[in-house]
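Notes for the one structure printed next.
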Amino acid sequence: MSKSATSLERPVGVWQRDHAQARPLAAIVKEAAKVIAPLWPISAFIARHPWMGLEGEPFADAADRLQQAHGIDLYPPMAVFHAAMAKGEIDLVFVERQLQQWLDKQPLSVSRREAEPLCRALLWNDTVPEEALCLPELPQLAEAIRLRPAAVRPISARLGNIVERLDQQMIKWCKLFYDEAKTPWALPHRERGFYPAWRRLVAADPALSKEERNRLADWPHDGEEALRQALMKLGVRDEEAGAYLEAHLLALPGWAGMVVWRSRQVGDEVRGLIDYLAVRLSLEWALVAPYLPFERGNHTDSSAVLSLLAAWLHWGGMTPEDWQRLPEKEQRARLAFVDRFWRIDRCHLWLEAWENTYEAKLKETISANRPMDETKAAIAQLLFCIDVRSEPFRRHLEAVGPFETYGCAGFFGLPIQTRALDSDDVHPSCPAIVAPQHEINETAVLEAARPYRRRRDMFRFVGETFKKVKQHVLAGLLLPEMSGPWLGLHTLARSAAPAWAGRVVRQAEAAAEQKPKTALSLHRHGKDESTGLPVGFTTEEQVQYVKQLLVNIGLTSSFAPLVVVCGHESETANNPYASALDCGACGGAAGAFNARVFAELANLPSVRAELAKEGIVIPDETVFVAAEHITTVDELRWLEVPPLSEAAEAAFRQLKPALGEASRRANAERMAKLPHVGGTPRDPVAEAQRRAVDWSEIRPEWGLAGNAAFLIGRRELTKGTNLDGRVFLHSYDWREDPTGEALAGIIAGPATVGQWINLQYYASTVAPHYYGSGDKTTQTVTGGIGVMQGNGSDLLAGLPWQSVAASDRELFHAPLRLLVIIEAPSYYIERLLDRNEDFRLKVQNGWLRLASIDPNSGMWVNWKAGHLASVPPR
C-alpha cells in the first residue's frame, strides 16, 4: 500500500498552508536534499561523493533506505562478488568470519540456532529453489501477510507516460536555464531566477496542451508559494512531504546536483532547490490533474512475501504447520529479518570480506618490505601528488637512481585561485572543500607578450567568426561548403593515422601559442576587485605555507641539492572528461600553476631566512624546480628551471636520463593493464603517446580506477614495494607532529578528497545506470556544463563505464571502500578521532575504514567505530 496521498480533498494532515504543526518548507527541502551531491561543470569535473549528506547514518542503513525507497543499489551484484572470489580476491575464511561476527553483534529476532543455517544459505543463493516455491500451502500463508508499507512515490512515477513527459520538460528547462555555452538565443528572464523565468514563459510552451497551460495560468509567481500550492493540490501529507520531495530530486539527480552547485555559488542553496522543485511539482500537477484524485494502493506485493516465506520453510527448517502456529507479529519479524539480510546484510558481509582480503594482502606486502639500504644520500627529492597514478612512477624512479620521493596533495597546501595570463576568468586551484584565500596572477613583460597576444587574438577572431557563422541562420548554410573539405581532411587524418595526426595537431597548437616567460604575483599588492581576495601573499603567509607543507611531509632537514615540485595533468583527445583525469586537489585542473607557486616561494631568500629561525634550514645549494607529471604518458616535463647551483646542476643532469628509464618502466606496467593492448607492447612509450593523441581512444589511461587505500606515513614503509597503483601515498612523519595538527590537516583535506574519489569510482561501478554516465561513445556535451546520453537525458554525474570496466562483462575497478592507514602511535589516532567528529562518524558508520601501524612495534591495528581492535591473523 502506498503512503503517497493523492486526493484533491483536504483531509486532516494533508499539506496545508496554515497547518499549525507543519515544518518550514525550507527545512523540509534542505533535509530532502541530503540525498543529492553538488555536481560541478564538466570543465572542472571534481570527484563527488554522492552520499555525503548521508554519512550521519550507517552505510548499510543508507543502502537499505535508498534500495527500498528508490530502487538504488549501493552494493555490487552477487555476480561481481563471485567473480572476485574466482580471481582470489575474496578469501572464504573472511566470508565465514564476517558472518559469525555479524551474528554475534546483531540483535536477532530469532534464535541463533535457526538464524545461522538460514543466513549461510542466503549468503550463497540469489533465489529459492523452484520446489520450495511450489508448496501448495505457500500462497495461502503469504496472502494475509503485509511485509512493510510501500515507499512514498510521486504520482507521476505511477503513470509511466506522465513521468517521462515530466522528466523531458525538466531537462528542457534546465538545459535552457543553466546553459554556459553563451548561445546567441539565451533564455528570456534568466536573470530573474529559474522559477520566475519558467513562470513567465510556460504559458507559451507548445509542449504543453492548452488545458495544461490553462491550469498554470493563475499559478503563484513566487517559487516557495508555488511549491506549497503544488504539494497541497497533489494531496501530499505533511509527514510525507520530505520523502515526496526527495523522490523528485532523485528522479534527475544530475540536474538536481547542478542546481545545488549553482546555488552554492550564489550562497543560497535552499532557494535554488525550492525553485527547481517548484517548477517540477507545478508541472507534475498540471500533467496529472486529470487523474486526480489518485487512489491509494492497498495491495501488498505477494511475490516478495512468497520468496521470503519459502526461504524460511526451505532453509529455516520449518514446516507450513510450524509457520501457522507462530503469532502474526513473529511471522512479520521473521520475514523482515530475511528480507533485510537477503537485500542488504549479505551483500555487506561479502563486501567486508572482499575489503578484509585486500587489507590482509596489503598488510602482508607492507610487513614483508625491508627498507632499502641507503648507502648514498639522495641527490634529488621529488614531491608528487598523492594520486594513485604517481605510485608506479615514484617506485620506478627510486629504483633507477639515488632519488627520494614524497607524496602530498597536488595543490601543495596553497589555498589559491589562479588567473592565467590575460585571462578574464579565475580558477579555484585548491580542493572543493577548501575556500581560496589568495589570488595569484600570471603576468608577462609587455614587449615579450606582444607577439603572443597578436597570435592569440588572431586565433580567437577566427574561432569566434566560425562560431558566429555557424550559428547564423543564413550564413550557416554556406559553412559546410566552405569548411567541409578542410575539416574532412582533418577528420580523415585523425582517423586513419591518429598518432601522426595527433602529434602534428599538438605541435601546431604549441607553435601557435608560444607563451612568453611569465612571472607570478607572489607578493601582496592589493585586492582583486571582482573577488575581493588579496593578490599575492604577505611574507608571513609565504613562510607559513612553505613550512606547513614541509612539516606535513616530514621534509624538514637533509635537503638534497635539487627538490622537484611535481604537479600533474593528463593529456587526452576528444574527451569531455579530461578534467576528471587532472588534479582533483587543484579543482579539476592541471597542477602546474601550484607547482610553480610553491617552488618559487621555497626559493625566496626571505622565506628561507624565516624558516631557518624556526629550525628548518634549507642549504644555499638547494634549488626548488617546478615540473609536471603527465599521467597519460608517465613523463615528467619541466615547467620552469631557475638558475641552479653546481650541486643542483649535477643532480639535474643525472636525473634527466633516469626519468626516461622510469617512464619506460612505468608505461610498460601500465599498458599491460589496459584492454586491447594484448600484454606489454613492444614500445610501451609509443603506445602511451598514441593513446594520448588518438581521438577515438576511449581508454587513454585508467585514471584512478583501482584505488583502494590511502596511506599516511614515511616512505620507508613502502619504498621498493609494488602497490599496484592502488594506494594514495601521503608522506607524514609523526615525530615532526607532536600536536597532531599536521595529521588532522591531512585527514580533513587530502584524505577527504581521496574518500570522495574512492566513492565516486565505487558508485559509478555498483550503480552505473544511476551514478555513472554510461557509454562514452554515445555521450553528448550539453550547454558547456556536462554530458547527457543522446540529447535529452539527465545530466550524467559520474564516470563513464569505460573508466571502471574492461568490457561490458568485466570490471577493472574493484568497488571497495577506502582504507585509510596511518603510521602513528595509537594515542595519535585516539586524539584524532576525539577531535574530529566528522571523521569519527565516517569510520563509525562505515563510509571508510581505518587502520594504523605502530611505528615502534610495527603492529597493524584496526579501528572499528572509534575503538582499537587488533586485526585477527589471516
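Bear in mind these aren't lab numbers, they're just calculated from the coordinates by the rules spelled out. Please read all numbers here as calculations on a predicted model, not as lab measurements. Cβ sites come from the backbone with ideal geometry, for glycine too, and all protein chains shown count toward neighbours.
Highest first, please rank the peptides 117-123, 841-847, 702-708 by the mean number of other Cβ atoms sitting within 10 Å of their residues. Walk me through the numbers on the way to the answer.
Numbers: 117-123: 18.1, 841-847: 20.3, 702-708: 23.1.
Order by mean packing, descending: 702-708, 841-847, 117-123.
Kindly identify segment 445-513 as rounded, prolate or oblate by the Cα gyration tensor criterion: order the square roots of the eigenvalues as a ≥ b ≥ c, call it rounded if a/c is under 1.5, otherwise compare a/b with b/c, prolate if a/b is larger, else oblate.
Values: a/c = 4.26, a/b = 1.17, b/c = 3.63.
Judged from the Cα gyration tensor, segment 445-513 comes out oblate (a/c at least 1.5, b/c at or above a/b).
Determine the gain in length on full extension of the stretch Asp724-Glu330; use 0.36 nm per residue of separation and subtract their C-alpha separation, reporting nm with one decimal.
Between Asp724 and Glu330, full extension yields 136.8 nm more.
Find the cysteines in the chain that fail to meet the 4.7 Å Cβ criterion with every other cysteine, and list them.
Cys119, Cys134, Cys174, Cys347, Cys385, Cys408, Cys430, Cys566
Can you tell me the 0 to 90 degree angle between the C-alpha axis of helix 302-315 and the longest principal axis of the chain, rounded to 10?
80
List the chymotrypsin sites (Phe, Trp or Tyr not before Pro) within segment 150-237 that DSSP assigns to loop and that have no more than 13 neighbouring Cβ atoms inside 10 Å. Write down the numbers at each step before the final one.
Details: sites: Trp173, Phe177, Tyr178, Trp185, Phe194, Trp198; in loops: Trp185.
Here the sparse-neighbourhood loop sites are Trp185.
Before rounding to the nearest 500, sum -39500 (n - 2.57) across all DSSP H runs of length at least 4 in the chain and divide by the residue total; then give [θ] at 222 nm in deg cm²/dmol. Could you put the intermediate results ahead of the total?
Working: 32 runs with 395 residues, N = 874.
Only helices count here, giving -14000 deg cm²/dmol.
Could you give the length gained on full extension between Asp457 and Trp185, defined as 0.36 nm per residue of separation minus the Cα-Cα distance, in nm?
95.4 nm
Based on other C-beta atoms within 10 Å, arrange Lys105, Lys656 from fewest to most.
Numbers: Lys105 8, Lys656 11.
Fewest-to-most ranking of Lys105, Lys656: Lys105, Lys656.
Based on the alpha-carbon gyration tensor of segment 187-321 and its eigenvalue square roots a ≥ b ≥ c, which shape applies: rounded if a/c is under 1.5, prolate if not and a/b is larger than b/c, or oblate? Spell out each step's value before the answer.
Working: a/c = 3.23, a/b = 2.00, b/c = 1.61.
Because a/c hits 1.5 or more and a/b exceeds b/c, segment 187-321 counts as prolate.
Starting from the 7 Å offset along Cα-to-Cβ, what nm value, one decimal, do you get for the label separation of Ser696 and Ala121?
5.4
Output the peptides 228-238, 590-600 sorted from most to least packed, where packing is the average of other Cβ atoms within 10 Å over each peptide's residues. Provide the component values of the computation, followed by the final result.
On the way: 228-238: 21.4, 590-600: 25.1.
Put in order of decreasing packing, that is 590-600, 228-238.
Mind giving me the FRET efficiency for Glu830 and Asp268? R0 is 41 Å, r the Cβ-Cβ distance, nearest 0.05 is fine.
Working: r = 40 Å, r/R0 = 0.96.
So, using R0 = 41 Å, E works out to roughly 0.55.
Computed FRET efficiency, Cβ-Cβ of Glu31 and Glu364, R0 45 Å: what is it to the nearest 0.05?
Numbers: r = 45 Å, r/R0 = 1.00.
Between Glu31 and Glu364 the formula returns 0.50.
Which peptide among 520-532, 403-415, 76-88 comes first, and what is the full order, when sorted by highest mean count of other Cβ atoms within 10 Å? Each step should come with its number before you reach the end.
On the way: 520-532: 12.9, 403-415: 25.8, 76-88: 14.9.
Ranked by mean Cβ neighbours within 10 Å, highest first: 403-415, 76-88, 520-532.
Roughly speaking, what is the stretch gain from Asp205 to Asp218, that is 0.36 nm per residue apart minus the C-alpha to C-alpha distance, in nm to one decimal? Intermediate values should be presented prior to the final figure.
Details: separation 13, 0.36 × 13 = 4.68 nm, distance 1.55 nm.
In short, 3.1 nm is gained.
What whole number of Å gives the distance from the Cα centroid of segment 67-139 to the Cα centroid of segment 567-633?
After rounding, the separation between the Cα centres reads 49 Å.
What does the C-alpha gyration tensor say about the overall shape of the chain? Classify as rounded when a/c is under 1.5, otherwise prolate if a/b is larger than b/c, or oblate.
Cα axes put the chain in the oblate bin.
May I ask you to sort Arg200, Arg419, Arg653 by Cβ crowding, counting other Cβ atoms within 10 Å and putting the fewest first?
Working: Arg200 13, Arg419 22, Arg653 10.
The fewest-first ordering by Cβ neighbours comes to Arg653, Arg200, Arg419.
Order by neighbour count: Arg280, Arg691, Arg506, Arg112, fewest other Cβ atoms within 10 Å first, most last. Present the calculation step by step, with values, prior to reporting the outcome.
Values: Arg280 27, Arg691 24, Arg506 15, Arg112 11.
Placing the least packed residue first, the sequence is Arg112, Arg506, Arg691, Arg280.
Just grab the label-to-label distance for Ser303 and His523, each label 7 Å out from Cα along the Cβ direction, in nm (one decimal).
7.5
In segment 771-874, what GluC sites (Glu not before Pro) fall in a loop by DSSP, with at most 13 other Cβ atoms inside 10 Å? Before the final figure, lay out each step's value.
Working: sites: Glu810, Glu823, Glu830, Glu837; in loops: Glu810.
Within segment 771-874, the qualifying GluC sites (Glu not before Pro) (loop, at most 13 other Cβ atoms within 10 Å) are Glu810.
Compute the long axis of helix 684-693 from its Cα atoms, compare it with the longest principal axis of the Cα atoms of the chain, and write down the angle in degrees, 0 to 90, nearest 10.
70
In nm, to one decimal, how far is the modelled label at Gln140 from the one at Leu477, with both set 7 Å along Cα→Cβ?
With each label point 7 Å from Cα toward Cβ, the separation is 7.9 nm.
Explain nothing, just the number: relative contact order of the chain, from Cα pairs under 8 Å at least 6 residues apart, as a whole percent. Let's see the in-between values first.
On the way: 1454 pairs, mean separation 146.4, N = 874.
Relative contact order for the chain comes out at 17 percent.
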